[in-house]
Amino acid sequence: MESLKELYRIGKGPSSSHTMGPQKAAKIFAAHHPEARTFKTILYGSLAATGKGHMTDVAVTEVLSEIAPITIEWRPTEVLPFHPNGMRFLSFDADGNETDSWTVYSVGGGALSEGGETRWLADPDVVYDKNTLEDILAWCEAHGRGFWEYVDVCEQPDIWDYLMEVWTVMQQSVERGLDHEGALPGPLNLPRKAPTYFVKSQGYKQSLASRGLVTAYALAVSEENASGGIIVTAPTCGSCGVLPAVLYHMSRAHHVSDTRILHALATAGIFGNVVKKNASISGAEVGCQGEVGVACAMASAAACQLFGGTPSQVEYAAEMGLEHHLGMTCDPVCGLVQIPCIERNAFAATRALDSNLYAAMSDGKHSVSFDRVVNVMRQTGHDLPSLYKETSEGGLAKAYKIKP
């Protein structure tokens, strides 16, 4: 598996696969063609179907237009064979002759792939020698260590500085979201809710206030993402509110130190990495189960560790966090990361805490392993029709009508 630096990416929302990935690809193409007189970008499949709502055209144009004029072509019904989020960049000379073209895919979490080719993208270094939770858990039990210690053994020493940067950005995204009021950008005119939920939560008794605050934190980050703010993919932009909400709650309500938060981030990253390696974190490929479902699993693992869970209990909590999101469709209304994405982040954050509680009351033994659920999620995503995988052609996206 790759470094956690490839999982936790810091950048602007609203979509890691539709905004971060395409912009990164545009920068690579621009760097190889500073002499171009014009550019053209063709967007395929899911990337074209919801690209306008996710500001894909803005992300690409922002980069390439600094060199030369650019046109965008949308082909939502044409899907390239490697991945639903395909794109092709073309450069032209002064006479309009094509000088080069590059096909690349945004495969989730801001990551790119050339579909098996190796022209300009170097394969990330393999950092972890184990790719399944079964093997990693066995290592933990054999050495009497936790998941975060496996990260410490495998990664370079600077991983902790990087995770501290990740934690800082997560906290800032929560706090910015709690302060921002008004409507989110786009035709839905959806009002921000985090500030209101935060204020109202503090009026309840402690048990209800705690749950309300977690909801407010998740809303805050997700609303920042929806407005194009700086967030951390955990594992994606569309699911970026879940893990920060749980960690922020643990830091503030339970006075957990930054060191322990970083250890929890490392553990959460292991679970996200296993899914990324063995299945997918791309909503366009496997639906929202691969985004919010994986985020819930990561947050469940982090919470369980912070509450003193054993490695087997941590694995159990993560398994529940993912299992109970199986089959979740990716059906963003108007192609925006707003409805139902923002609420899903809030519910997943509270579900992560429930998963921790359930696992903490057990001895960690259970019938279905995390690895098994990952395999089921991959197959379920494969079986889902394309209209339920980030195309905005089915589900809530089709049923919802914008009010005049």
Subset of the stretch 348-404, residues touching a residue at least 60 places away in the same chain (Cβ under 8 Å), β-branched (Val, Ile, Thr) and buried (at least 17 other Cβ atoms within 10 Å of the Cβ), comes to THR350, VAL374, THR380, THR391
Only one of (1) open to solvent by 10 Å² or more (accessible area, probe 1.4 Å); (2) assigned to a helix (DSSP H, G or I) fails for VAL174. Which number is that? (1)
Residue check, GLY321 open to solvent by less than 30 Å² (accessible area, probe 1.4 Å), in contact with a Ser or Thr (Cβ under 6 Å, 6 or more places away or on another chain), closer than 23 Å to TYR217 by Cβ and not polar (S, T, N, Q): yes
Hey, any hits in the stretch 234-245 for a residue that's over 17 Å from GLY321 (Cα atoms), touching a residue at least 60 places away in the same chain (Cβ under 8 Å), of a type in the set (A, V, I, L, M, F, W, C) and open to solvent by less than 10 Å² (accessible area, probe 1.4 Å)? yes
Scan the stretch 244-297 for residues that are assigned to a loop (DSSP other than H, G, I, E, B), among the small types (Gly, Ala, Ser) and within 20 Å of ASP125 (Cα to Cα) and jot them down. ALA279, SER280
Is there a residue in the stretch 123-133 that is in contact (Cβ under 8 Å) with a residue 40 or more places away in the chain, crowded, with 21+ Cβ neighbours inside 10 Å and either more than 27 Å from LYS389 (Cβ to Cβ) or of a type outside the set (Val, Ile, Thr) (or both)? yes
Checking the structure you have, find out if any residue of the stretch 283-302 is among the β-branched types (Val, Ile, Thr), in contact (Cβ under 8 Å) with a residue 60 or more places away in the chain and open to solvent by 30 Å² or more (accessible area, probe 1.4 Å). no
Condition met for GLY327 (farther than 23 Å from GLY177 by Cα, within 16 Å of the chain's Cα centre (by Cα) and in contact (Cβ under 8 Å) with a residue 24 or more places away in the chain): no
I need the full set of residues from the stretch 72-122 which are among the hydrophobic types (A, V, I, L, M, F, W, C), more than 25 Å from TYR8 (Cα to Cα) and touching a residue at least 60 places away in the same chain (Cβ under 8 Å), in order please. VAL79, PHE89, TRP102
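The values are calculated or read from the model by the stated rules, or taken from the named source; none is laboratory data. Note that the structure is a prediction, hence the values are computed from the model and not measured. When we count neighbours, we look across all protein chains shown, and the Cβ atoms used for this are built from the backbone with ideal geometry, even at glycine. With ligands, DNA and RNA removed, areas are computed over all heavy atoms of the protein, side chains included. Shrake-Rupley method; radii C 1.70, N 1.55, O 1.52, S 1.80 Å.
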